[in-house]
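Okay, so here's the structure we're looking at.
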Amino acid sequence: MTGNEAIAKILKVEGLDWFACFPHHTLIDAAAKEGLRPILSRQERAGVNMADGYSRIMCGNRIGVFMMQDGPGAENAFGGVAQAYADSVPILLLPGGPRLSSVGMHPGFVSHRNYGGVTKWTEYINSAERIPQLMRMAFTRLKHGRPGPVLLEISSDAASQEIPDSAFNYEPVQVRKSAGDPDDIRDLVTALLNASNPVISAGRGILYAEATEDLVELAELTNIPVLTTLQGKSGFPENHPLALGTAGNSGTQMAGHFLRQADFVLGIATTLSGGYSPRMPAGATIAQITNSTEDLGVHYRLAHGAVGDAKLVLQQMIEEVKRQIGEQGRDDINGVVNEIRKVKAEWFASWRPRLESDEVPMNEYRVLNELHKAVDVSNTIATHDAGYPRDRMCPFWTTESPNTYIGWGKSTQLGYGLGLALGAKMAAPEKLVVNVMGDAAFGMAGLDIETAARSEIPILTVVLNNGIMTHYDQNMPYATEHWESNKLSGDYAKVAEGLGAFAETVETPDQLPGAIARAIAATKEGQPALLQTMTCGEETVSRYQDPAGY
């Protein structure tokens with residue numbers, strides 16, 4: 001078999017049944033012949049984003065793959081890989097590479113060197129005989145430690161070289177997990193139980209570890225409230241009495257209220273990096289659980305910590321809690337549940353005028369509220385785009401089940417959500433997948449609606465069309481005011497219809513329920529759908545740490 005055929009066989013052994021790609025790359029044909037479905041995106045970044053969304057929903061149990069040509073293909077994919085690296089998502093990148101005789105010659109783009117800053121690991125396949133070894137090393141890194149992209153550049157020589165069948169020996173990489181040190185667990189639990197106002201902050205790693213049930217059990221045993229980071233959203237059911245919702249660039253009033261009075265914060269499966277994760281309150285004792293030693297204590301001095309798989313460490317903590325205070329745990333000694341209920345009611349009451357607004361052009365919060373009411377959130381995967389779609393959506397979109405929301409924002413590339421939604425639908429074809437984006441984001445990525453139509457990936461996209469780059473225009477007020485050409489315009493429903501999607505424009509709030517129902521019906525028939533909602537550009541955002549109380 002050739003080197004390309006060996007790679008294709010290994011991908012199949014690792015459980016892959018499809019991959020994203022952009023030609024030309026001889027590996028694409030070899031993989032297709034092996035029975036793997038190629039999905040051709042309209043541009044490389046979208047293909048990387050598809051692989052990213054797939055890996056997230058599959059929790060890394062299966063890895064998204066993107067193949068691209070050497071040179072311009074690898075150059076164009078860079079932005080998508082940088083985003084996956086920032087958000088710690090495991091994806092496998094397989095770019096073509098030059099012949100060995102031309103390595104290092106200008107103007108060649110050497111992927112395995114140039115991608116070093118935005119990948120977990122890169123290597124160069126210079127010999128077909130090394131393919132099983134290097135693919136095993138790649139998948140080992142993809143399945144262990146802090147997740148991240150891995151790249152293997154394939155020289156054209158190695159791709160076409162022959163490998164004797166007798167020399168090909170590959171078995172799927174088995175995941176190895178470790179628990180925390182028992183002494184660390186004992187000390188952490190003791191401090192947690194002795195705290196007056198503890199809060200748990202859960203990150204994306206809860207979803208990768210498939211540890212939601214364990215987190216719920218720990219919270220219920222101790223009656224400690226739980227918030228999630230933006231990436232960790234859906235890792236703890238937000239309809240639970242102990243749920244505080246999300247705290248990121250925007251967030252719920254419950255998260256802000258409890259963080260401000262917290263004397264102990266336990267970060268589980270999170271880097272505690274701030275930005276689009278909650279900032280820690282001054283003076284609070286900080287503890288952290290992570291499977292990556294390089295993330296331990298980076299942003300805050302830790303009083304307690306444990307290194308290990310989130311699920312295994314949570315199970316250790318549950319046993320230690322039971323040992324210290326009994327099998328039934330403890331009562332709600334601080335009245336946390338009633339306090340959450342009270343703060344939540346006040347918060348929703350203050351936001352109801354926007355969530356139920358009848359204004360025209362429509363308020364974005366009304367659009368999102370009607371969308372949330374129309375879907376079965378437990379059987380829907382929702383994501384957002386960068387900027388205000390994200391900041392408006394994440395506080396109010398209540399999740400009830402794991403992996404029903406893809407929150408992202410460690411980097412904030414416009415147009416990223418569309419590719420994520422396509423990959424998520426490939427991972428969970430039985431679910432409705434919804435992507436909410438602004439008009440500027442559509443300009444970045446909208447042509448991949450055609451990928452959805454051509455490849456029969458029936459997602460629902462909602463465009464918030466307000467004609468402005470919300471808030472960004474404040475950075476260039478003179479340029480926006482004096483040159484009309486700097487104000488965005490376009491009929492995105494017409495564009496989507498021309499690309500093969502069901503499309504409809506919604507002008508008034510009373511039209512929303514019917515339009516959403518028709519769009520969902522189209523997705524059930526196998527057609528992607530796009531709703532263009534004409535909105536007002538509402539700029540008020542729920543800032544979870546705003547001292548004025550939102």
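Computed quantities for the displayed model
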{"item": "Options 31, 138, 68, ranked by Cα towards positive dipole end of region 1-150, top entry (Cβ charges)", "result": "138"}
{"item": "D_trans [Stokes-Einstein, Kirkwood Rh over alpha-carbon pairs] for region 309-359, 37 °C, 0.692 mPa s, µm² s⁻¹", "result": "228 µm²/s"}
{"item": "Antiparallel DSSP beta bridges within the chain, percent to nearest 5", "result": "5 percent"}
{"item": "Computed lengthening from residue 137 to residue 539, 0.36 nm per intervening residue step minus Cα-Cα distance", "result": "140.0 nm"}
{"item": "Cα extents of region 374-453 along the three principal axes, largest first (Å)", "result": "31, 29, 24"}
{"item": "Environment charge of residue 359, counting only residues whose C-beta is closer than 13 Å and scoring Lys/Arg +1, Asp/Glu -1", "result": "-4"}
{"item": "P(r), alpha carbons of region 136-223 - 5 Å bins starting at zero, rounded %", "result": "2, 8, 12, 16, 15, 10, 8, 7, 6, 5, 4, 4, 1, 0"}
{"item": "At 1.306 mPa s and 10 °C, Stokes D of region 258-370 from Kirkwood alpha-carbon radius, µm² per second", "result": "91 µm²/s"}
{"item": "Accessible area (Å², 1.4 Å probe, nearest 10) - residue 109", "result": "50 Å²"}
{"item": "Volume per residue that the Cα convex hull of region 66-221 spans, once the total is divided by residue count, Å³", "result": "149 Å³"}
{"item": "The chain, relative contact order in percent, only Cα pairs under 8 angstrom and at least six apart counted", "result": "14 percent"}
{"item": "Computed over region 1-108, Kirkwood Rh from alpha-carbon pairs, angstrom", "result": "14.1 Å"}
{"item": "Debye log10 I(q)/I(0) at q = 0.07, 0.08 Å⁻¹ for the chain, Cα point scatterers", "result": "-0.42, -0.54"}
{"item": "Cα-based Rg of region 413-461 normalised by 2.2 N^0.38 Å, two decimals", "result": "1.05"}
{"item": "Quarter of Cα convex hull surface for region 486-541, i.e. mean projection, nm²", "result": "5.1 nm²"}
{"item": "Globularity index of region 305-458, i.e. its alpha-carbon radius of gyration over 2.2 N^0.38 Å", "result": "1.34"}
{"item": "Descending principal axes extents, region 199-261, alpha-carbon based, whole Å", "result": "27, 24, 18"}
{"item": "Alpha-carbon Debye profile of region 335-377, log10 I(q)/I(0) at 0.20, 0.23 Å⁻¹", "result": "-0.71, -0.80"}
{"item": "Exposure rank, largest accessible area first [348, 236; 1.4 Å]", "result": "348, 236"}
{"item": "Over 31 Å (Cα to Cα) - which of 143/524; 12/120; 311/431; 9/410; 322/431 fall in this group", "result": "143/524; 9/410; 322/431"}
{"item": "Helix runs (DSSP H) in the chain reaching 24 Å along axis by Cα, Kyte-Doolittle at least -0.5", "result": "336-355"}
{"item": "Whole-number Å³ per residue for the convex hull built on Cα positions in region 195-348", "result": "99 Å³"}
{"item": "Computed label-point distance, nm, for sites residue 194 and residue 302 using a 7 Å Cα→Cβ extension", "result": "1.9 nm"}
{"item": "For the chain, size of Cβ-based charge dipole, Lys and Arg +1, Asp and Glu -1, in debye", "result": "600 debye"}
{"item": "Residue-averaged 222 nm ellipticity for the chain, from DSSP H runs of 4+ at -39500 (n - 2.57), nearest 500", "result": "-11000 deg cm²/dmol"}
{"item": "Theoretical FRET efficiency, 1/(1+(r/R0)^6), r = Cβ-Cβ of residue 345 and residue 456, R0 51 Å, to 0.05", "result": "0.70"}
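The values are calculated or read from the model by the stated rules, or taken from the named source; none is laboratory data. Because the structure is predicted, anything quoted here is derived from the model rather than measured. Counting neighbours? That spans all protein chains shown, and the Cβs are built from the backbone with ideal geometry, glycine included. Calculation scope for accessible area: heavy atoms of the full protein, side chains included, ligands and nucleic acids excluded. Shrake-Rupley method; radii C 1.70, N 1.55, O 1.52, S 1.80 Å.
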